[in-house]
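The values are calculated or read from the model by the stated rules, or taken from the named source; none is laboratory data. Just so you know, these numbers come straight off a predicted model, no measurement behind them. Here the Cβ positions follow ideal geometry from the backbone for every residue, glycine too, while neighbour counts run over all protein chains shown.
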């Protein structure tokens, strides 16, 4: 349902807390690691809002600025630099007032009044060779133009990462409307927040708009299958999300997503999608998503009650045997060995965040013991004892590497 945009910032709701935790737990790791490239970071909050909620809780701009200042003060990089930019169409004055205390020696944030989709290309045009991070949390789906995401991959940045809030349910609802298909509303999603709802009618313009958002026409087949009762609404949303990530993989190497469900067995309110070309960033975000999804399950869905079983990001019970079989099948697809980090990141991109990266390494240890995989480690022996190394963690600073392949025997 649509709501007046001004009401959004009265108080910080539970799903906003989860989104900001996902961001705030990841940014310190991202900033510290990427600063060591000795190239500056350009951080953009593309829908920054007021910077602070009316109940006094910090919004994403203030969270990012606090982390920026801490990371720069602790960084071992030469001349660490993080430039920040906040874009919002409606709240320039409030945003300036709420971030004025962060105009320190680390630089005042750049604040732009306008639409992200109209400003971002100009902003990024001179950032060749720099590290870019885009936090894209729009008020509606209209601004999520896949064509822009595709362009960003070719800008020549040293690195780029994006954290995108995709309202996948809202997209499917609009898609059905555009194709004159009735979408049965899940009552639990009656309060679905769309502060700038996308106006969609059954016409050519709406079809083109949705094609541009989705990055193709594949969504139309999903709506047809839903309309013919081949799939239900849950399956339609999940299939759209899967195919949307496949589109992003045409331009980016590693794609993760975390569905935000306020109650178990409910349509996701939206999906947080992380986009990266670097395996280390993918692994850090995967571990972060797993931890945040556990908080979401216990603190919000279960109202503080602990579960007997560990759940993955998709809210399924973690099945170690299933993960091991998937890993074995996945490794078998490759004719050559892969480094440990690339294998973990590629596995999570293929199957989703089924567990933490540490559990993947524990599974590898069992697989190696049972002769299912072959592991090459450098150094092959421990410096102190000369015994065979057993680590599965890569450490470039210590010239420590691991490659893995399926056993040939």
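In this structure, does residue 134 turn out to be in contact with a strand residue (DSSP E or B) (Cβ under 7 Å, 6 or more places away or on another chain) and in a strand (DSSP E or B)?
yes
Here's the yes/no breakdown for (1) free of Cβ contacts under 8 Å to residues at least 40 places away in the same chain; (2) touching a helix residue (DSSP H, G or I) at 6+ places or on another chain (Cβ under 9 Å):
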| site | (1), (2) |
| --- | --- |
| 92 | yes, no |
| 101 | yes, yes |
| 104 | yes, yes |
| 115 | yes, no |
| 122 | yes, no |
| 138 | no, yes |
| 143 | no, yes |
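Cβ-Cβ below 9 Å, separation at least six or inter-chain, first residue in region 20-42 and assigned by TED's automatic domain parsing to the domain that holds residue 284 and at positive phi, second part of a helix (DSSP H, G or I) and buried (at least 24 other Cβ atoms within 10 Å of the Cβ): which pairs?
Pairs that qualify, where the first residue is assigned by TED's automatic domain parsing to the domain that holds residue 284 and at positive phi and the partner is part of a helix (DSSP H, G or I) and buried (at least 24 other Cβ atoms within 10 Å of the Cβ): there are none.
Could you tell me how many of the residues in region 345-397 are touching a residue at least 24 places away in the same chain (Cβ under 8 Å), closer than 15 Å to residue 326 by Cα and in a helix (DSSP H, G or I)?
The number of residues fulfilling the criteria is 13.
Would you check which residues across region 196-229 are surrounded by fewer than 18 Cβ atoms within 10 Å (Cβ to Cβ) and at pLDDT below 90 and list them?
196, 199, 201, 202
Could you list, in sequence order, all residues of region 369-387 that are over 17 Å from residue 329 (Cβ atoms) and surrounded by 15 or more Cβ atoms within 10 Å (Cβ to Cβ)?
The answer is 375, 377.
Among (1) without any contact (Cβ under 8 Å) to a residue 40 or more places away in the chain; (2) loosely packed, with under 15 Cβ neighbours inside 10 Å, which single condition is residue 326 missing?
Here residue 326 meets the rest and fails (2).
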